[in-house]
Structures are given as structure tokens and as C-alpha cells.
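Trainee: My structure is below; once you've seen it, I'll send some questions.
The values are calculated or read from the model by the stated rules, or taken from the named source; none is laboratory data. The structure presented is a predicted model; accordingly, all values stated were derived computationally and were not measured. Here Cβ is always computed from backbone atoms with ideal geometry, including for glycine, and neighbour counts include all displayed protein chains. Calculation scope for accessible area: heavy atoms of the full protein, side chains included, ligands and nucleic acids excluded. Shrake-Rupley method; radii C 1.70, N 1.55, O 1.52, S 1.80 Å.
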Amino acid sequence: MAKSNVGKKPISEEEYTTNKVLTVFSVCLLGVLVLMILQRLLNYGSTFMIGLIVTRILLAIGIIGVVGGLVMLGMERTGRRNGSRRIICGRNLLIASVVMTVCMSAISYIGIAPIKALYVILPVLAVFYLVYHSYSTEFFVITVDCGAALGMMWLVHRALVSSNFTWMAYAVLIAAAVLTVAQIAVVNSVRGRQGKAKNTGKKAEARFSSNAFLMMTVTPILMTVLTAVVLFAPAHMLVVMGAAAAYLFVTAVYYTVKLM
């Protein structure tokens, strides 16, 4: 049989993005399953040492992955390796390894307490990644604002429940206000350049809708106000968090319709 000379068709940018999103969701799902196993091992005295050993092994793998990611990234930057449209490239390996290292470090030094938070954080990161690649820049910013605000509201509530950490609730509100001011400053700066942002010395034009800058200004202010309501009226926490979630849902519907 004659050998075919037809080369392999290069993967398109759309297919590459789809593969990346699916890979991120798969890795996050695998991470949640690993966390469930670790929690079960660490919850019982008979299996605690096994769980601790597994955690330290995963931590070592994460550190090795960080080193490998840095090396691979350096090779790609110097042209010794082509990382274009590859799932396993220096940047992706580095990000995944850093997340794994941070998670395993928290479990190793704090215990099982961070695991419950990671059950939420990992899927949220996957959703953020999907929004980043599927929607406009402005909706990604809005999503991050709402997600961060919901997390801050929960932190404020937890701080108020514990009388020894009431100061933390005020610190969270101050942090929310600082982040809001910083975002408004960045938005105004980008608006002044008419949507053009500098990237590695070059100007890359970002696509924004007519009301993008207004939405990216109003959203963090609204989320900070809602966080303040949780602090000063904790009895209405569920209502306030529901309002923030409803705001995100409405904007998600709006931007989804715009994609059609």
C-alpha cells in the first residue's frame, strides 16, 4: 500500500479553545474526586497517616510540575520547543501545578478545613475559564466581580459568627472597597485609550460594547454595597447573596443572548 503524503490537518483555534475548556473541567472534576478521597482518609485515625502521605506525595508532584512548567516555558520562549496550540505547554503545566501545590500545601499545614472550600473554588475556577473563552471581556470582569463579592460576603458572615474575628469582617469590606477603586481606575484608563490596552509593548484592541464601561464601573460598586449590607445587617445575608446571584444571572442571560 502506498504511503500517504497528506499531512495532518492543523487544529483550528476554535477546536483548541474547546479542548482547553474541556480539559480544565476534567482536571477540576478529577481534583474534586481526589479531595473527596483525601478527606475520607484524613477523617479517620486508622487512615490518617495514609492520607497525610498521599497529600505530601501530591505536594511533591505539584512542586516538580512547577519546576517542569518553568523549564518548558523557558524552552518555548527561546524557540527550542513549540507550545502553540498545545494542551500540555509550559504555561498550562505551570498554572495547574501551582494550583495543585497551593491546595496540597494548605491541606498539609492546616488540615481538612480547606477541603470544603476547595470543593467550591475548583468548579468556580473552571466556570471562570469557560466564561473567559466564551464571552466578552466585560462579562468576564462582571463574573469575577460577582464571584469575588459572594466569597467576601461569606467571609464577612463567618467572621461575624466568630466573636474573635469580627475585625476580619471590616478588613474584608475595606479590601472590597480598595479593589473597587482599583477596577474603576483601570476601567477609566482603558476608556481613555478608547478600548486599547497595551500588551507586551504592543497595542491590542479589546472589543467592548457601548455600555461595557458603565457595567464594569457599576458592578463592583454594587457588589461592595451589598457586602457592606451583609456586614451591618447580617440577618439579611441570604437575601443579599440572592440579590448578587440574581444580578449575575440576569447579566449572564443578557450576554448569552448577545452571542446568538
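Trainee: Can you give the extra length, in nm with one decimal, that the chain gains between Thr256 and Phe48 once fully stretched, where that is 0.36 nm per residue apart less the Cα-Cα distance?
Mentor: Stretched fully, the Thr256-Phe48 segment lengthens by 70.3 nm.
Trainee: Give the carbon-plus-sulfur fraction of the accessible surface of the stretch 104-260 in %, rounded to a whole number; probe 1.4 Å, heavy atoms of protein chains only.
Mentor: The value for the stretch 104-260 is 71 percent carbon and sulfur by accessible area.
Trainee: If you don't mind, another one. If you take the beta carbon distance between Ser105 and Asn211 as r and set R0 to 30 Å, what does 1/(1 + (r/R0)^6) give as a FRET efficiency, to the nearest 0.05?
Mentor: Calculated transfer efficiency: 0.10.
Trainee: Still on this structure, please answer the following. Taking 0.36 nm per intervening residue step and subtracting the Cα-Cα distance, what contour gain separates Leu22 from Ser134 on full extension?
Mentor: Stretched fully, the Leu22-Ser134 segment lengthens by 39.1 nm.
Trainee: In the stretch 27-74, carbon and sulfur make up what percent of the accessible area (probe 1.4 Å)?
Mentor: Carbon and sulfur atoms account for 82 percent of the accessible area of the stretch 27-74.
Trainee: Here's a follow-up. Relative to the Cα centre, what is the charge dipole magnitude of the chain, using +1 at the beta carbon of each Lys and Arg, -1 at the beta carbon of each Asp and Glu, and rounding to the nearest 20 debye?
Mentor: Charge dipole, the chain, about its Cα centre: 1000 debye, nearest 20.
Trainee: Another question, if that's okay. FRET efficiency for Lys116 and Ile184, Cβ-Cβ distance as r, R0 = 35 Å, nearest 0.05?
Mentor: 0.55
Trainee: Another question about this same structure. Between Asn82 and Ile57, what is the spin-label point distance in nm, taking each point 7 Å from the Cα along the Cα→C-beta axis?
Mentor: Output for this residue pair reads 3.7 nm.
Trainee: A further question follows. Quick one: go through the stretch 72-93 and flag any residue whose amide nitrogen is under 12 Å from the point 7 Å out along the Cα-to-Cβ line of Ile11.
Mentor: 83-89
Trainee: Can you figure out the FRET efficiency of Met168 with Leu70, using R₀ = 41 Å and their beta-carbon distance, to the nearest 0.05?
Mentor: So the FRET efficiency works out to roughly 0.75.
Trainee: Please sort through the DSSP H helices of the chain and keep those with an alpha-carbon extent of at least 24 Å along the long axis and a Kyte-Doolittle average not below 1.0.
Mentor: In the chain, the long hydrophobic H runs are 48-77, 90-110, 113-134, 137-161, 166-192, 212-232, 237-259.
Trainee: Turning to a different aspect of this structure: Any idea of the accessible area per residue across the chain, 1.4 Å probe, to the nearest Å²? Please report the intermediate quantities before stating the final value.
Mentor: Values: 16560 Å² over 260 residues.
Using a 1.4 Å probe on heavy atoms only, each residue of the chain averages 64 Å².
Trainee: Here's something else I'd like to know. Tally Lys and Arg at +1 and Asp and Glu at -1 over the other residues with C-beta under 15 Å from the C-beta of Thr217: what net charge comes out?
Mentor: -1
Trainee: Would you calculate the separation in nanometres between label points at Arg191 and Ile95, each defined as 7 Å from the Cα along the Cα-to-beta-carbon direction?
Mentor: Simple spin-label model gives 2.9 nm for this pair.
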